[in-house]
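These notes are about the structure you will find just below.
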Amino acid sequence: MIFPKSMSRKVATWHSIVFISILSLFSVLLYLTFSSSLTKEVDSKLAREGGRISYYIENGYSSSKIEEYMNGLPVSAPINEEEMYWQIENDQGKVIAASQNLHGQRIDVSGTLEKIGENIFSWDPELNGIPLRAMSLPLISTNKLNCRITVATSDGIRHFAIDQLRNIIIICNFGFVGISIVMGWLISKKTLRPIQKIITTTNKITATNLHERLPIEGPEDELQVLSKTLNGMIDRLETSFAQIQRFTSDVSHELRTSLTIIRGELDVALIRNRSEEKYKLVLHSVLEEVIYLSDMVGKFLYLSKTSNPNQIELKKIDGTQLFQYVTNHLWSLTVKKQIELHVRIPDSFTLNGDEDLLRRLFINLIENAIKYSPEGGAVEIKAYSKNEFIRIEVTDNGIGIPEEHLPFIFQRFYRADDSRTRSQGGSGLGLSLCKWIADVHQGTIEIRSKTDQGTTVIVNLLAG
């Protein structure tokens with residue numbers, strides 16, 4: 001069966017199919033029940049008539065006497081005398097007594113015999129083209145005479161009633177099918193009207209008007225849940241678009257600033273001939289901006305490659321080896337600034353995470369601590385167990401972060417201008433990357449800091 005693509009037509013089609021199936025089943029059961037009931041009623045009257053003849057035979061009445069009594073007595077109402085036929089046959093099959101309205105004819109066994117009792121059969125013969133309902137009773141033995149009684153009655157009324165019922169059922173079914181199709185169409189239209197509203201509103205929502213929301217009306221049914229779910233998705237999309245726009249604006253600003261500085265330095269250098277020292281200063285300034293841009297672009301690429309949490313493989317990592325790698329990686333920077341690096345971690349502990357991401361996390365944090373500490377200062381790294389987490393603290397005695405900047409410190413490109421300037425090489429991406437790494441590891445990161453007293457970064461990660 002090929003179903004229409006339209007949802008409303010599908011609903012109407014299924015409604016009609018179910019209704020027609022139920023109606024057909026009901027019609028068949030009604031027809032069979034009514035036919036069986038009428039047949040049993042006629043058979044019951046035939047059995048009573050046959051029982052009267054059996055009574056006469058069992059009491060020794062002769063064939064002529066039975067004919068006199070049966071032909072002279074009225075039969076059971078509502079069957080008229082003209083509609084009731086009977087005959088008595090001996091064991092050789094010869095008719096020894098019969099009703100007058102047979103006029104010398106006999107009721108023949110024809111059609112399919114239906115057993116309705118012990119040696120009692122019924123069938124549907126014809127007499128001169130008139131349909132009958134006949135019943136044959138068991139052989140009766142009396143006075144060395146074996147008899148079989150057959151009674152029949154005109155079956156036109158039963159056939160007429162059954163035919164009429166069949167015709168009424170057929171006509172009504174066609175009418176009900178038409179009504180069901182119309183009702184199915186109306187029900188589908190009414191039921192799916194909210195979906196049409198959802199479609200219409202959704203088609204209006206674009207990247208420029210994400211403030212639009214789907215209507216939520218009516219009872220709390222599946223459609224209302226769908227509307228709320230879609231509205232939640234649109235909320236997330238709006239937030240994502242806003243973040244992308246802000247991110248794009250920030251990137252553009254950062255790139256434009258660096259390129260403006262580079263162009264300005266080069267323009268000034270090319271206006272007239274300068275000394276070697278002057279050219280070196282210009283090149284040094286340009287190199288700083290190029291290093292800054294290179295660092296920022298590298299972090300962009302790293303974020304784009306690892307932005308899908310489903311691609312991160314979590315496994316047990318040796319924490320001691322991890323921090324040994326990080327401190328070795330930053331050794332030259334500590335020597336350059338004469339920073340004392342104190343590492344106080346357990347002899348053996350494990351973390352559950354992605355080793356490459358965790359290396360990036362702690363390199364960024366410790367590099368920041370070294371970068372913003374004064375020459376000859378100290379940076380302390382501590383790690384210890386706390387419930388099911390490993391708590392890692394990175395503490396410096398540097399310039400610190402003003403309290404009003406702490407709520408925004410993990411936002412991309414955010415820099416506390418008073419303390420963390422571009423002259424120190426910060427791009428504003430490092431801490432946002434650290435926050436993201438902690439989140440995908442189901443951990444937390446927080447910063448505690450006071451101006452001119454130093455900063456402590458606290459990271460909680462799941463133990464392995």
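The values are calculated or read from the model by the stated rules, or taken from the named source; none is laboratory data. A quick note: this is a predicted structure, and the numbers were derived from the prediction, not measured. Please note: Cβ atoms are built from the backbone with ideal geometry, for glycine as well, and neighbour counts cover all protein chains shown.
Assorted remarks:
- Sole residue being outside any strand (DSSP E or B), farther than 20 Å from Thr455 by Cβ and touching a strand residue (DSSP E or B) at 6+ places or on another chain (Cβ under 9 Å), chosen from Ser385, Ser373, Ser348: Ser348
- Among the residues of segment 209-225, those identified as among the aliphatic types (A, V, I, L, M) and part of a helix (DSSP H, G or I) are Leu223, Val225.
- Any hit, segment 250-259, residues being over 26 Å from the mean Cα position of the chain (by Cα) and modelled with pLDDT of 80 or more: yes
- Any hit, segment 163-186, residues being over 30 Å from Arg133 (Cβ atoms), free of Cβ contacts under 8 Å to residues at least 24 places away in the same chain and surrounded by 15 or more Cβ atoms within 10 Å (Cβ to Cβ): no
- All strands (runs of 3 or more DSSP E) inside segment 98-141 with 1 or more residues being touching a His at 6+ places or on another chain (Cβ under 8 Å): 130-136
- Verdict on Leu113 being surrounded by 14 or more Cβ atoms within 10 Å (Cβ to Cβ) and modelled with pLDDT of 75 or more: no
Per-residue answers, yes or no, for (1) under 28 Å from Ala12 (Cβ atoms); (2) part of a helix (DSSP H, G or I):
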{"residue": "Ile187", "(1), (2)": "yes, yes"}
{"residue": "Arg193", "(1), (2)": "yes, yes"}
{"residue": "Ala207", "(1), (2)": "no, no"}
{"residue": "Asn231", "(1), (2)": "no, yes"}
{"residue": "Ser240", "(1), (2)": "no, yes"}
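- In segment 364-412, the qualifying residues are those that are of a type in the set (Asp, Glu) and within 49 Å of the chain's Cα centre (by Cα), and the one that is surrounded by the most Cβ atoms within 10 Å (Cβ to Cβ) is Glu367.
- Within segment 185-200, the set of residues being of a type in the set (S, T, N, Q) and closer than 16 Å to Val225 by Cα comprises Thr191, Gln196.
- Any hit, segment 144-155, residues being part of a helix (DSSP H, G or I) and farther than 20 Å from Ile88 by Cα: no
- Residue in segment 326-342 that is touching a Leu at 6+ places or on another chain (Cβ under 8 Å), in a loop (DSSP other than H, G, I, E, B) and surrounded by fewer than 21 Cβ atoms within 10 Å (Cβ to Cβ) present: yes
- Among the residues of segment 3-61, those that are over 26 Å from Phe121 (Cα atoms), of a type in the set (Ser, Thr, Tyr) and part of a helix (DSSP H, G or I) comprise Ser8, Thr13, Ser16, Ser21, Ser24, Ser27.
- Qualifying residues in segment 143-167 (those that are among the basic types (Lys, Arg) and under 60 Å from the mean Cα position of the chain (by Cα)) - the one modelled with the lowest pLDDT: Arg158
- Residue within segment 340-362 that is more than 28 Å from Val440 (Cβ to Cβ) and of a type in the set (A, V, I, L, M) present: no
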